[in-house]
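The values are calculated or read from the model by the stated rules, or taken from the named source; none is laboratory data. Remember, it's a predicted structure, so these values are computed and weren't measured experimentally. Every residue, glycine as well, gets a Cβ built from its backbone with ideal geometry; the counts of neighbours run over all protein chains shown.
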Amino acid sequence: MKAHRIIERTYVDGKVVYVVQQKHYLFRWWWVDAWLNSSSGVSCNDSFSTLEEAKRNLCYFDGSKPTERVIYP
């Protein structure tokens, strides 16, 4: 079962955004905008103006871990 998805949200003024959603951290059957699961309590950017941009940023919400490399010394 996937724990993330992208939805298209159309506002009443016609504005369309693509929002990354995740399963709620406690209620796993409930889909919520990703910022609600933010552990820091600070809003994160989970809305994007194009589907391609949302797909490019999905790696920040799917549990992928960054790679780190020591460059000095």
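It is to be established whether one or more residues within segment 48-56 are of a type in the set (V, I, T), modelled with pLDDT of 85 or more, surrounded by 14 or more Cβ atoms within 10 Å (Cβ to Cβ) and outside any helix (DSSP H, G or I). Taking every residue of segment 48-56 in turn, none turns out to be of a type in the set (V, I, T), modelled with pLDDT of 85 or more, surrounded by 14 or more Cβ atoms within 10 Å (Cβ to Cβ) and outside any helix (DSSP H, G or I).
If I ask for residues that are modelled with pLDDT under 85, in contact with a strand residue (DSSP E or B) (Cβ under 8 Å, 6 or more places away or on another chain) and in a loop (DSSP other than H, G, I, E, B), which ones from segment 3-40 would you list? Across segment 3-40, the qualifying residues are A3, H24, W29.
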